[in-house]
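The values are calculated or read from the model by the stated rules, or taken from the named source; none is laboratory data. Since the structure is predicted, the reported quantities are computational estimates derived from the model, not experimental observations. We place every Cβ from the backbone using ideal geometry, glycine too, and count neighbours over all the protein chains shown. Surface areas here come from the heavy atoms of the whole protein model, side chains and all, with no ligands, DNA or RNA. Shrake-Rupley method; radii C 1.70, N 1.55, O 1.52, S 1.80 Å.
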Amino acid sequence: TFYKLPYATIAPLEIKITYNALQLVSVNDTSFRVKAFKGKKDTVAADLTDFYVRQCLKHSSNFIQNAELLGLNVESTGTFALATTLGFASPIAPFAGFAAV
């Protein structure tokens, strides 16, 4: 089912995301600004979802800077490589829950 939203307009947003998976992998408060959405005549709800997912993925470096594995900062300690090797983390792991919404 497509929910039609012709000419939908949403003002710029300040988005704040926090992620915590059983105290193993987490992302501390990560905030960023998303530009305004301006729909067209044929805009549907899926267009909104796609737009906001793409905007979040543009800020993936912000998530890596704020990521922790077992309480250690991933970027500064190099634990990201270890976590990826063990299957605990991936560059897009913090987005999985958001992208599925």
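Residue pairs, Cβ under 9 Å, 6 or more apart or interchain, first in region 29-41 and over 13 Å from LYS58 (Cα atoms) and without any contact (Cβ under 8 Å) to a residue 60 or more places away in the chain, second open to solvent by 100 Å² or more (accessible area, probe 1.4 Å) and outside any strand (DSSP E or B). List them. Taking only residues 6 or more apart or on different chains, the pairs are LYS38/TYR7; GLY39/TYR7; LYS40/TYR7; LYS41/TYR7. Of all residues in region 28-51, those satisfying the criterion of being hydroxyl-bearing (Ser, Thr, Tyr) and within 18 Å of the chain's Cα centre (by Cα) are THR30, SER31, THR49. Screening the chain for strands (runs of 3 or more DSSP E) wholly inside it with 3 or more residues that are modelled with pLDDT under 85 and of a type in the set (S, T, N, Q) returns the ranges 25-34. Picking from residues in region 10-38 that are open to solvent by 30 Å² or more (accessible area, probe 1.4 Å) and among the small types (Gly, Ala, Ser), the one that is nearest to GLY71 (Cα to Cα) is ALA21. Per the conditions (1) touching a helix residue (DSSP H, G or I) at 6+ places or on another chain (Cβ under 7 Å); (2) in contact (Cβ under 8 Å) with a residue 24 or more places away in the chain, the sole criterion not satisfied by ALA11 is (1).
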